[in-house]
Amino acid sequence: MKKSYKLTVSALSLVLVAGSLLAGCGKKENTAAPQGGTAADAKKPTYTFRLAETHPPDYPTTLGDKKFAELVKERSGGRIKIDVFPSAQLGEEKAVIEQVQLGAIEFTRVSTGSMAGFNKDYGVFSLPYIFDNEAHMWKFLQGAEGEKLLDSLQASKMKGLSYFEPGARSFYTKKPVTKLEDLKGMKIRVIQNQVNVDIMKALNVNATPMAYGEVFSSLQTGVIDGAENNYPSYYSSKHYEVAKNYLLDQHQRVPEVLLASKATWDKLSDEDKKIVKQAALDSVQYQRDEWKKYEQDSEAKVKAAGAVITQVADIKPWQEAVKPVIDKYRPEYKAVLDAIDAAKK
Ligand code: GTR
């Protein structure tokens, strides 16, 4: 059953790619002045691009994507149109990233956790407990090293534009769990990357990497015992309906990233590059505000639905348990980890 679902999804994305190539989506179309544009704009190229998003239309990252698209449209005098495709309509994150590398999808918003399999530098974001809190994370992301990491995506045929708020990830399970020891031996779904596998091993958990869209049915049928995510995803994916024990250990803050295909980026004029980059940066505060609201709402809704929430009182044993993972990766990510530490002050 799972196999045929996968086949259908990949067949569907093939059709979508073929469709977009045939329709010349994302190609230059030198036509009449776009609506709302000036006479000077009429001489410049017009574009229609697609942006892939895994979350539903009302989710804060999707709202951030839409704000970005709106600013680009406005500031280009209607010449650059970015259509946001929510709810994984264009595929799961791994498949979307592959298509972005090819230039078949022009933009996407994904987790830096999913990016780790495509760009080694991005593994650092999945390391546990590297950020003390949201403020610490943003101070790092908005500093020089954060910007450098966005740009480093060019080596992987992409161009990072801005980060979005990701909240903190915690475990949720079908069986009651109130402490670290309770997770022992459980099969827990993680985003597909090696750092996640190492973290789970350090916590005596069986990591089960799989696509986000498969988690609900895997929880339902008992293929996995649990997963981990932030409040907004726990709520919007309805995972709380099938795994109602939420243990707030907050092991990761894995930034969301808005990015473009390098193929798309390279064909933009300097003026259009500036418009796109600035619009991405200017949509961040809006996304962060929307995140706060949605996060509070999600918490209230899952509680009202009967989720059992346990706040981890002492995080030290968790941090101790995953220390070998940090030690393993410290040499590789030394410069970035030093910059993250420096951003604490
Ligand atoms: C969410 C994130 C998604 C996706 C998902 C997952 O928090 O926003 O982009 O990566 O987690 O666990 O796969």
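Assorted remarks:
- Annotation: amide H-H contacts under 5 Å for residue 129 (H modelled 1.01 Å from N, sequence separation of 5 or more, or interchain): 252, 253.
- All Cα pairs of the chain, percent lying beyond 25 Å: 53 percent
- Share of Cα-Cα pairs in the stretch 210-345 lying beyond 23 Å, as whole percent: 57 percent
- For the stretch 44-150, the square roots a ≥ b ≥ c of the C-alpha gyration tensor eigenvalues yield an a/c of 1.5 or more together with a/b exceeding b/c, which makes the shape prolate.
- Magnitude of the charge dipole for the chain, about its Cα centre and with charges confined to Cβ atoms of Lys, Arg (+1) and Asp, Glu (-1), is about 520 debye.
- Integer Hz, Karplus 6.51/-1.76/1.60 couplings in order for the stretch 181-190, x for Gly and Pro: 4, 5, 7, 3, x, 6, 8, 10, 6, 10
- Across the stretch 68-73, rounded Karplus estimates of 3J(HN,Hα) from the backbone phi angles (6.51 cos²θ - 1.76 cosθ + 1.60, θ = phi - 60°) give 4, 4, 5, 5, 5, 4 Hz, Gly and Pro being marked x.
- Note on the stretch 96-135: Rg/Rh from Cα positions, Kirkwood definition for Rh, rounded to two decimals, is 1.09.
- Percent breakdown of C-alpha pair distances by 5 Å bin, ordered from the shortest bin, for the stretch 267-345: 3, 10, 8, 9, 12, 15, 18, 12, 6, 4, 1
- For the stretch 144-287, the mean projected area of the C-alpha convex hull, equal to one quarter of the hull surface, is 9.9 nm².
- Under 5 Å between amide hydrogens, built in the peptide plane, is the criterion, and for residue 162 it picks out 258 among residues at least 5 positions away or on other chains.
- For residue 283, no residue 5 or more places off, or on another chain, has a built amide H under 5 Å of its own.
- Hydrodynamic radius of the stretch 206-259 by the Kirkwood approach over all distinct alpha-carbon pairs: 12.2 Å.
- Cα gyration tensor shape of the stretch 158-239, rounded if a/c is under 1.5, else prolate or oblate by comparing a/b with b/c: prolate
Rule-based calculations on the coordinates, nothing more; no lab input. Remember, predicted model here, so these are calculated numbers, not experimental data. Please note: Cβ atoms are built from the backbone with ideal geometry, for glycine as well, and neighbour counts cover all protein chains shown.
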